[in-house]
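Undergrad: To start, I am sharing the structure in question, which I have written as structure tokens.
The values are calculated or read from the model by the stated rules, or taken from the named source; none is laboratory data. The model shown is predicted, which means the values in this text are computed figures rather than measured ones. Ideal geometry is used to build each Cβ from the backbone, glycine not excepted, and the neighbour counts take in all protein chains shown.
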Amino acid sequence: MCKSTFYPDKAYLEKLTLKCPHCSKALCKKRDRKQFFVYTCVNRCCPFYVRNLTSISKDEKTDFDKNPYKYKLHYYYRVFDIKLESLKADTCIPFAVDLSRIRNAGYVLGFVLTYHINYGLSTC
């Protein structure tokens, strides 16, 4: 795997099957946003969903029965659809990055940026 070379012009996401880390069922695409897609696990027997459903209070449970769209009990996952050309024009990057040398698919770059921003991890 480490000796493989990836190119951003390949459509790896079309071959990729996203699975729930809790129940291993395939995730369903729910929404298309401007720069990312939202996938969710629709399995009603998923341990993540069951745990979240049992942890809500009785008042929240009655509200959930009336308005289920207010609650996010299922596992959600975002896949970023970042265009490298849009990053080249971004001026908030404090150091020069040669984006022509990136040989990974766009969703891998999305992972790196997500972990870098959300968790403060290094990109080096």
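Undergrad: Among the residues of region 53-73 satisfying the criterion of being of a type outside the set (A, V, I, L, M) and not in a helix (DSSP H, G or I), which is nearest to Thr40 (Cα to Cα)?
TA: Start the filter on region 53-73 by keeping residues that are of a type outside the set (A, V, I, L, M), which leaves 54-55, 57-72.
With the extra rule that they be not in a helix (DSSP H, G or I), the set shrinks to 57, 67, 71-72.
Numbers: Ser57: 23, Asn67: 18, Tyr71: 13, Lys72: 10 Å.
So, considering only residues that are of a type outside the set (A, V, I, L, M) and not in a helix (DSSP H, G or I), the one nearest to Thr40 (Cα to Cα) is Lys72.
Undergrad: Hey, among Asp32, Asp63, Asp59, which residue is under 21 Å from the mean Cα position of the chain (by Cα) and among the charged types (D, E, K, R)?
TA: Working: Asp63 fails: under 21 Å from the mean Cα position of the chain (by Cα); Asp59 fails: under 21 Å from the mean Cα position of the chain (by Cα).
From the options Asp32, Asp63, Asp59, the qualifying one is Asp32.
Undergrad: Additional query: Select from region 31-46 the residues that are among the basic types (Lys, Arg) and at pLDDT 90 or above and list them in ascending order. Lay out the reasoning, then the answer.
TA: Of region 31-46, the ones among the basic types (Lys, Arg) are 31, 33-34, 44.
The one that is among the basic types (Lys, Arg) and at pLDDT 90 or above: Arg44.
Undergrad: Are any of the residues in region 35-55 exposed (fewer than 14 other Cβ atoms within 10 Å of the Cβ), touching a residue at least 40 places away in the same chain (Cβ under 8 Å) and under 18 Å from the mean Cα position of the chain (by Cα)? First the steps, then the outcome.
TA: Taking region 35-55 as the starting set, the residues that turn out to be exposed (fewer than 14 other Cβ atoms within 10 Å of the Cβ) are 35, 44-45, 47, 51, 54-55.
Add one more test, that the residue is touching a residue at least 40 places away in the same chain (Cβ under 8 Å), and what stays is 35.
Pick out the ones that are also under 18 Å from the mean Cα position of the chain (by Cα) and you get 35.
For region 35-55, residues exposed (fewer than 14 other Cβ atoms within 10 Å of the Cβ), touching a residue at least 40 places away in the same chain (Cβ under 8 Å) and under 18 Å from the mean Cα position of the chain (by Cα): present.
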